[in-house]
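Below: the structure, in structure tokens.
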Amino acid sequence: MPNLTELELENLRHLIGGHTTVANKLDQYAQQCTDPQLKQMLQQDAQAARNTKQQLMSFLG
């Protein structure tokens, strides 16, 4: 894997932080949700954001 430039690292960190924020917010929304289908959808989307965050973190080496 080629070395990342400073700009690429900065962008990657920004994306990782954004996915962390989204996952946390979706988890909070799911906790407050009373509709079981919507709650499940929010939980699945939060997990997808965490999975993407892990994939992005793998680029940091």
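Sub-8 Å Cβ pairs linking a first residue in the range 1-29 that is touching a residue at least 40 places away in the same chain (Cβ under 8 Å) to a second residue that is of a type outside the set (Phe, Trp, Tyr) and part of a helix (DSSP H, G or I), at least 6 apart or interchain, are Leu4/Leu12; Leu12/Leu56; Leu15/Leu56; Ile16/Lys53; Ile16/Leu56; Ile16/Met57, ordered by first then second residue. The sole residue among Leu38, Leu4 that is part of a loop (DSSP other than H, G, I, E, B), more than 17 Å from the chain's Cα centre (by Cα), at negative phi and surrounded by 12 or more Cβ atoms within 10 Å (Cβ to Cβ) is Leu4.
State whether the residues of the range 44-53 include one that is part of a helix (DSSP H, G or I) and over 30 Å from Leu4 (Cα atoms). I'd like the intermediate steps shown before the answer.
Filtering the range 44-53 for residues part of a helix (DSSP H, G or I) gives 44-53.
This time we only want the ones that are over 30 Å from Leu4 (Cα atoms), so: 44.
Scanning the range 44-53 turns up at least one residue that is part of a helix (DSSP H, G or I) and over 30 Å from Leu4 (Cα atoms).
All of the numbers you see were taken from the coordinates with simple rules; none came from a lab. Since the model is a prediction, treat every value here as computed from it, not as a measurement. Backbone-built Cβ (ideal geometry, glycine too); neighbour counts: all protein chains shown.
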